[in-house]
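The values are calculated or read from the model by the stated rules, or taken from the named source; none is laboratory data. Predicted model, so just to flag it, every value in this text is computed and none were measured. With ideal geometry, Cβ positions are generated from the backbone for all residues, glycine too; neighbour counts draw on all protein chains shown.
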Ligand SMILES: Cc1cc2nc3c(=O)[nH]c(=O)nc-3n(C[C@H](O)[C@H](O)[C@H](O)COP(=O)(O)OP(=O)(O)OC[C@H]3O[C@@H](n4cnc5c(N)ncnc54)[C@H](O)[C@@H]3O)c2cc1C
Ligand code: FES
Ligand code: FES
């Protein structure tokens, strides 16, 4: 079995302590959350940090709660925590849809929401889901906290706005009255990364779409979202034709690459197809008063 | 670094490299070779053990991360000479062939039944979907877990359980 | 037939004896072996598919404080050990000396005090490579002017390995010339990998004082390995002990010798310490034991009313960089020529051309009984293609052409003699279990709604139990197996067999075999295996040969013991042995049910002071070497039901019905388990498993993230049924079952998907039928439609 290169290890006991450690060890240190992206990369020696700052003891960052209609997820919440939260299932169904198909149940027990976002893998599912939900991310650093829209969090593959010395601490999802959301993913097998996936959030008033969010992953969309397709929907009537057209637009604007998992043409097709499927389901949920 | 891990109820203190993977700590340092490994990419689940109450892939957790925590492995399923119903189920229903995936499968199954004593076949399949078995086609693993569910219900009528099952199924 | 005189109740479901250790995590796999002072090896592998080695610097690695030795190809060459024999009579580099010929090839071996340090030290070795053009496509490897891969072989000018053919070309051409209909298909059986959950590994312990080499290895054929080590290393064979402890699945991948094993042995000899080497998963997938990679062109000829007249096939076989295919020596393409399958085909001819490419060597029998999987896939796809051409129902077409029971023993046009079977009944049972007519009705309804549902059928005949030693050997070792049976004074027995379980449950099945013959309980028979010092010689477990060959040896040994027991019983009961009959598991005086003795009493007597008649020396034991008169031919009929999502190309296997005839079933529970495994295998191969490469020869499937194996979610709950036609030449009528389902199932899945896509005009998709491949085929068909 492949094994990581040598590394130092520090266990943080609070957010403040973690920040101190990060400051002390500098840019060659890495935050260790669930480790389910970082440790595999270390085993393959694609990542060789000098020091690991283990944040698993920061129970203060492990929560899933709704306050003032807003969903707040601590960065250390495990995938399984999100899946177990009934209120998430009711009001932010997209997250349950997504979590059911992210990795597998055992990985979900340990991988964290914050780690997923910070990994910034171009195929990460939650990045698309939170992009669709227009979430806000809270970053804590030596100078206090700052917030960044999910759609400005990722700066490239495996890169985010989180600077060395900072921690992602919380994800906030605004309540969307009259809204419904859904996630649709195609992969080659249970537990596989997406060939393509789409998340959708729709707020409707009567027959009109008042707000639309569409997230896409694994298809090269900037910031994991399909803004042109969203524009086509906001303020428009919630008709099947509109949704279908939004799918076409989403497909047109993404930039997938061919690899052994499938050719770009297929992934582009999926971007459209899955966008429509997610939108339809989101609309049904919005209409059913589900959210 | 020095770590102390409570494995199967016994406390073990060892000097380890921070990079040491939990699976190697269990197998090589503690000699608990019941847990196996089968891949480099956290896909196969041969290494599943419990960290506190949660099944994890121990090839993707550092031993250092388990410092101060409890770990439960396959060696602790049988207690006081009594097999866990999951272990019985695997024998009754021919849920194993080469036995390499079995410890990981059983640890996940045990955790599933603790949370959901009466799962459907589909729920069992989903729960085990991060674990590969190359021998059984999963059919009898699913039956084994359902058998254990039914057996637990029989043993403890207060607990909801699955339907009584003839483990062997169709020949 | 069977078990003439078998004790009642000995056959049947019996919980496995081996389970007791596995459910407690108390098995002993190779990586569980920990010896005092043991060192750990790691292999440095080539990042390039084809390159000349121009420099190798190990000094930094050797200077690592925890490194005990670094071995290079040059060092091995000095001992004459740089090239090892393959199972196909070729040679393979143990550690590269001149060139690397595939990505992942072994270049150097580091031995360190622990596995982490060994891995670290690999990073300290520098190798200079001069890249050469890689040949990845088997067809291009044959072109004039293609780079020569095996320039190590003097006089070689091309990448061609062999041409091989079977059948009657003239008769086949005549059949095709006279046919109303000829249908052809190009079919790729992609490169696949058995990927047992346990990778390959070894612990080599060379004892400097006794000169004894003990090798714990993941070996499906410990006796063959011992002989190969003896001849290759020049060690006396009695000083080599190969132990195959518990093995985490093999599926053919643990038959060959691998360079890592030899490196560990050499390292142990050099350091005088035990050395462990266990490959990681990417090494396993990239360098160890590929299977298939057959590029086939098949043609089927028939009358307009659906009578098959002939079959032809020509195959390009990609053998990778070294010809290391595992099969009996005189069958370079394995048993591919059994490709007329379950049908009465008057004329057939096939030819196979093999080539070297810059890909990993192997060509192991991945649960395929030596290329029967490829053969069955070919004929089952061709029969479906014929059905499409004729507008016939694929089941009716099959029924019309299946061999009939009265044709057995049946000699196939390529020379195989099938033992027994009732193919029409087996298919009928499958149809009934599936509710075939209802499925077709449901399909019609769904098609009306634009849904894509498919029903695929595959009838197969496997050819297993290799094999008659006059025809079959591996590197000159005839494929007969020994068995030794001892009955202790209290009637408890120990059976030692040469074959080796990797999960098949030999400790239980073989105990049941002996128990049935001797009227004992299976719990009173211990099976010893997997240790060359403790077991008789034999060729190992693969090609579904354990029960057909070693199982038969166990029966013969048990029957010999029973005959000895008869003489002792005669002395005990004071009658002539001729007056005894074996009844209900005891020797009984004919016509006097009151006077009988069972084996335990006889065993005690045989060890006692009882005055024994002439010709028997006392004690109760015997042995046998079984040389099978023929292969056995398990067969079956499979039906797969799939749904295809037209918007995404995702295939869901909804049902899988498998009816198998493996002759007499010793432990039906274990038989069912074997079938389940093969069905999952077939589903995986058809839908997702593929070892693929880019144009530079980089392996794109080097981990379980990309070499996808089915999980519990992709597998439906399998529906099994059986027919039983005992094998007439096997002492208990058993045929073997280990590989049937892997052989038979891929075609059923593919046929089902193609059937689902029929309304769109799709007629073929190569495996694996990933969502992308299926969607591309749908798109291509739609584009064709648009043009028309
Ligand atoms: C087998 C397998 C299958 C998977 N399949 C999928 C899938 O289908 N879809 C999908 O979306 N994901 C998938 N994943 C990824 C999985 O969801 C993530 O690996 C995992 O949850 C990341 O979280 P983690 O806590 O393990 O992060 P870690 O591995 O601990 O960290 C990942 C990165 O984020 C940084 N980091 C972590 N937390 C913080 C923080 N709070 N602040 C700043 N930086 C931080 C780390 O330094 C590191 O660089 C899969 C993983 C595995 C092992
Ligand atoms: S060893 Fe494969 S998941 Fe841990
Ligand atoms: S029993 Fe062999 S891998 Fe599951």
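Of the residues A:103, A:57, the single one that is within 16 Å of ligand 2 (Cβ to nearest atom), within 12 Å of chain B (Cβ to nearest Cβ) and in a loop (DSSP other than H, G, I, E, B) is A:103. Evaluation of residue C:736 against the conditions (1) buried (at least 21 other Cβ atoms within 10 Å of the Cβ); (2) at pLDDT below 95; (3) over 21 Å from the mean Cα position of the chain (by Cα) shows that the sole unmet condition is (3). Here C:56, C:76, C:81 are screened, and the one residue that is part of a loop (DSSP other than H, G, I, E, B) and not assigned by TED's automatic domain parsing to the domain that holds residue C:696 is C:81. Only one entry of A:30, A:80 meets the criterion of being assigned by TED's automatic domain parsing to the domain that holds residue A:120 and either assigned to a helix (DSSP H, G or I) or more than 16 Å from ligand 3 (Cβ to nearest atom) (or both), and that entry is A:80.
Of the residues in region A:106-113, at least one is away from chain B (no Cβ under 12 Å) and at pLDDT 95 or above.
The one condition from (1) away from every other protein chain (no Cβ under 14 Å); (2) surrounded by fewer than 22 Cβ atoms within 10 Å (Cβ to Cβ); (3) within 30 Å of residue B:99 (Cβ to Cβ) that residue C:664 does not meet is (1).
With respect to residue C:211, determine if the residue is buried (at least 21 other Cβ atoms within 10 Å of the Cβ), in contact with a helix residue (DSSP H, G or I) (Cβ under 9 Å, 6 or more places away or on another chain) and not assigned by TED's automatic domain parsing to the domain that holds residue C:314. Criteria not met by residue C:211.
So which residues in region C:167-197 are closer than 27 Å to residue C:360 by Cβ and more than 16 Å from ligand 3 (Cβ to nearest atom), if there are any at all? Listed by number, the residues that qualify are C:186, C:187, C:188, C:189, C:190, C:191, C:192.
The lone criterion from (1) in a loop (DSSP other than H, G, I, E, B); (2) within 33 Å of the chain's Cα centre (by Cα); (3) surrounded by fewer than 17 Cβ atoms within 10 Å (Cβ to Cβ) left unmet by residue C:139 is number (1). A single entry from C:680, C:721 fulfils the requirement of being outside any loop (DSSP other than H, G, I, E, B), in contact (Cβ under 8 Å) with a residue 40 or more places away in the chain and either within 20 Å of the chain's Cα centre (by Cα) or within 14 Å of chain B (Cβ to nearest Cβ) (or both): C:721. Filtering region B:61-104 to residues that are assigned to a helix (DSSP H, G or I) and either within 13 Å of ligand 3 (Cβ to nearest atom) or more than 16 Å from the chain's Cα centre (by Cα) (or both) leaves B:63, B:64, B:65, B:66, B:90, B:91, B:92, B:102, B:103, B:104.
For region A:173-204, a residue qualifies if it is within 14 Å of chain C (Cβ to nearest Cβ) and either more than 30 Å from residue C:649 (Cα to Cα) or assigned to a loop (DSSP other than H, G, I, E, B) (or both), and the qualifying residues are A:187, A:188, A:189, A:190, A:191, A:192, A:193, A:194, A:195.
Of the strands (runs of 3 or more DSSP E) lying entirely inside region C:580-666, those carrying at least 1 residues that are over 30 Å from residue C:560 (Cβ atoms) are C:635-644, C:651-661.
Between A:38, A:44, the distinction of being within 16 Å of ligand 2 (Cβ to nearest atom), within 30 Å of residue C:283 (Cβ to Cβ), more than 22 Å from the chain's Cα centre (by Cα) and outside the structural domain of residue A:143 (by TED's automatic domain parsing) belongs to A:44 only.
Residues in region C:334-360 that are assigned to a loop (DSSP other than H, G, I, E, B) and closer than 30 Å to residue C:48 by Cβ: C:356, C:357, C:358, C:359, C:360. I'm trying to understand the selection: among the residues of region B:24-59, which are free of Cβ contacts under 8 Å to residues at least 12 places away in the same chain and more than 7 Å from every other protein chain (Cβ to nearest Cβ)? Answer for region B:24-59, where residues must be free of Cβ contacts under 8 Å to residues at least 12 places away in the same chain and more than 7 Å from every other protein chain (Cβ to nearest Cβ): B:27, B:28, B:31. Residues of region A:12-29 that are surrounded by 19 or more Cβ atoms within 10 Å (Cβ to Cβ) and either within 7 Å of chain B (Cβ to nearest Cβ) or under 23 Å from residue A:79 (Cα atoms) (or both): A:12, A:18.
Are any residues in region B:74-91 closer than 23 Å to residue C:676 by Cβ and facing chain C (nearest Cβ under 7 Å), and if so, which ones? Across region B:74-91, the qualifying residues are B:74, B:87, B:90, B:91. Is there a residue in region A:109-127 that is touching a strand residue (DSSP E or B) at 6+ places or on another chain (Cβ under 9 Å) and either without any contact (Cβ under 8 Å) to a residue 12 or more places away in the chain or assigned by TED's automatic domain parsing to the domain that holds residue A:246 (or both)? No; the residues of region A:109-127 include none that is touching a strand residue (DSSP E or B) at 6+ places or on another chain (Cβ under 9 Å) and either without any contact (Cβ under 8 Å) to a residue 12 or more places away in the chain or assigned by TED's automatic domain parsing to the domain that holds residue A:246 (or both).
Taking the conditions exactly as written (within 13 Å of chain B (Cβ to nearest Cβ) and either within 16 Å of ligand 2 (Cβ to nearest atom) or farther than 25 Å from residue A:2 by Cβ (or both)), does residue A:32 satisfy them or not? It is false that residue A:32 is within 13 Å of chain B (Cβ to nearest Cβ) and either within 16 Å of ligand 2 (Cβ to nearest atom) or farther than 25 Å from residue A:2 by Cβ (or both). Considering C:535, C:508, the condition of being within 16 Å of ligand 3 (Cβ to nearest atom) and within 24 Å of the chain's Cα centre (by Cα) is satisfied by C:508 alone.
For region B:10-19, the count of residues that are touching a helix residue (DSSP H, G or I) at 6+ places or on another chain (Cβ under 6 Å), at the interface with chain C (Cβ under 8 Å from one of its Cβ atoms) and either away from ligand 2 (no atom under 15 Å from the Cβ) or farther than 28 Å from residue C:35 by Cβ (or both) is zero.
Considering every residue within region C:308-322, establish whether at least one is surrounded by fewer than 24 Cβ atoms within 10 Å (Cβ to Cβ), touching a residue at least 40 places away in the same chain (Cβ under 8 Å) and either out of contact with any helix residue (DSSP H, G or I) (no Cβ under 9 Å at 6 or more places or on another chain) or not in a strand (DSSP E or B) (or both). Scanning region C:308-322, I find no residue that is surrounded by fewer than 24 Cβ atoms within 10 Å (Cβ to Cβ), touching a residue at least 40 places away in the same chain (Cβ under 8 Å) and either out of contact with any helix residue (DSSP H, G or I) (no Cβ under 9 Å at 6 or more places or on another chain) or not in a strand (DSSP E or B) (or both), so the answer is no. The set of residues in region C:510-531 that are surrounded by fewer than 24 Cβ atoms within 10 Å (Cβ to Cβ) and within 12 Å of residue C:221 (Cα to Cα) comprises C:529, C:531.
Condition first: closer than 25 Å to residue A:256 by Cα and in a helix (DSSP H, G or I). Can you find one or more residues in region A:158-172 that meet it? The answer is no; no qualifying residue exists. Going by the structure shown, is residue A:245 part of a helix (DSSP H, G or I), away from chain C (no Cβ under 14 Å) and over 19 Å from residue A:130 (Cα atoms)? Yes, satisfied.
Would you mind stating whether residue A:39 is within 14 Å of chain B (Cβ to nearest Cβ), closer than 30 Å to residue C:122 by Cα and in a strand (DSSP E or B)? Judged against the criteria, residue A:39 is not a match.
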